[in-house]
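Below: one structure, written as structure tokens.
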Amino acid sequence: MSICIAAIFRTKESEHIALCHDWRGSDPGIGSSDEVDKQRWLAPGWSALIAGDLAYAEELLILLEASFAKCPPTEGTLLSTIRGAVFEYKKVRINQHLASVYGIDFETFLTSGGSIFPEEIFRQVHQEIARIYIGVDLLITGFVESTDYESGTREPDPVIVRVLGHQGCDLEVSISTMYDCIGEGAAIAKNSLIAREYDPAWGLKRAVYSVYEAKTTSEVINSVGTSSSVYIQSPDGKLRYLKSESFAKCHAMLAAFGPKKLTSARIKKHLLELSDFTTEAENIAAQSPSSDISEGE
């Protein structure tokens, strides 16, 4: 359940990251709720947005926090640090399954499983292991110092790292260069940003609106909640939260520029008739007009 979005944008002073998520989540022991905060801190300046099983997420975040404390992320170590924690958690999940069902650990299975189990059971356990997922997706965001080779100065660069671990997908840890989305509403939200031709060079107003529009568009998925939080993550390590009263500005832009439901009353004068079509085998093409929002911030 959920939608989480992260997108890089630029102001005159520096680059920032716009973050947005809903508040819907579920816990196997409690059920569904619309009061689930999806944002966590991993280390000073490093945030994580969560989609998936909350219990699994908390376990993985403990490992990530420990990894960040042991090896503070840099441009050269960030991915390896996150991958190390994620793959370690995959082993934890495998060990938990093997110990609870067969009374052995993963290392024992790898080294001696062929002699412990009959061939048919050995293959079955292999298949079970392949179907074990970490059960959570993450968007990890922050800033790393990188060198501007023209000026020789060190500047903070925004980073979005996506962790995909939900059921049915291969475990993946990768850097997203402009924006990314996780959760059951991710496909629709990402398509909204693609349709807007989202550009990390955009300013605050256009970027934050586009992220908010993408989140709102994803609400057609029943498991995405209608409540939203919008943040700006800055190089100083702080999160700046969109004020409750300022959401009215997002609502106004959504009413002006956002997608509309097609109703008969709204499109009556534009409706096609059978006479608009022909039986002739002609190649008739028309170019779509642009529907983008204004070019200003």
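The values are calculated or read from the model by the stated rules, or taken from the named source; none is laboratory data. Everything quoted here is computed from the prediction, not taken from an experiment. Quick reminder, even Gly has a Cβ in these numbers, built from the backbone with ideal geometry, and neighbours come from all protein chains shown.
Some points to look at:
- Note on the stretch 137-186: among residues that are of a type in the set (Ser, Thr, Tyr) and under 24 Å from residue 219 (Cα atoms), the one that is surrounded by the most Cβ atoms within 10 Å (Cβ to Cβ) is 141.
- The listed residue being within 20 Å of residue 189 (Cβ to Cβ), surrounded by fewer than 11 Cβ atoms within 10 Å (Cβ to Cβ) and out of contact with any Asp or Glu (no Cβ under 8 Å at 6 or more places or on another chain), out of 220, 230: 220
- Every residue from the stretch 78-103 that is within 23 Å of residue 157 (Cα to Cα), surrounded by 14 or more Cβ atoms within 10 Å (Cβ to Cβ) and not hydrophobic (A, V, I, L, M, F, W, C): 81, 83, 84
- Any hit, the stretch 57-75, residues being of a type in the set (Gly, Ala, Ser), within 21 Å of residue 183 (Cβ to Cβ), crowded, with 21+ Cβ neighbours inside 10 Å and in contact (Cβ under 8 Å) with a residue 12 or more places away in the chain: yes
- Scope the stretch 54-83; condition of a type in the set (Gly, Ala, Ser) and over 20 Å from the mean Cα position of the chain (by Cα); matching residues: 66, 67, 69, 76
- Restricting attention to the stretch 44-68, the residues that are within 21 Å of residue 80 (Cβ to Cβ) and either touching an Asp or Glu at 6+ places or on another chain (Cβ under 7 Å) or among the acidic types (Asp, Glu) (or both) add up to 3.
- Hey, residue 49 assigned to a helix (DSSP H, G or I), closer than 16 Å to residue 162 by Cβ and touching a Lys or Arg at 6+ places or on another chain (Cβ under 6 Å) or not: no
- If you go through the stretch 38-53 and keep only what is surrounded by fewer than 22 Cβ atoms within 10 Å (Cβ to Cβ) and under 17 Å from the mean Cα position of the chain (by Cα), you end up with 39, 40, 41, 47.
- Only a single criterion out of (1) closer than 25 Å to residue 167 by Cα; (2) surrounded by 13 or more Cβ atoms within 10 Å (Cβ to Cβ) is not satisfied by residue 34, namely (2).
- Single condition residue 54 does not satisfy, out of (1) touching a strand residue (DSSP E or B) at 6+ places or on another chain (Cβ under 9 Å); (2) at pLDDT 95 or above: (2)
- Residue 244 hydroxyl-bearing (Ser, Thr, Tyr) and under 30 Å from residue 26 (Cβ atoms): yes
- Selection of helices (runs of 4 or more DSSP H) fully inside the stretch 172-278 by the criterion of at least 1 residues being within 15 Å of the chain's Cα centre (by Cα) and of a type in the set (A, V, I, L, M, F, W, C) returns 186-195, 204-217.
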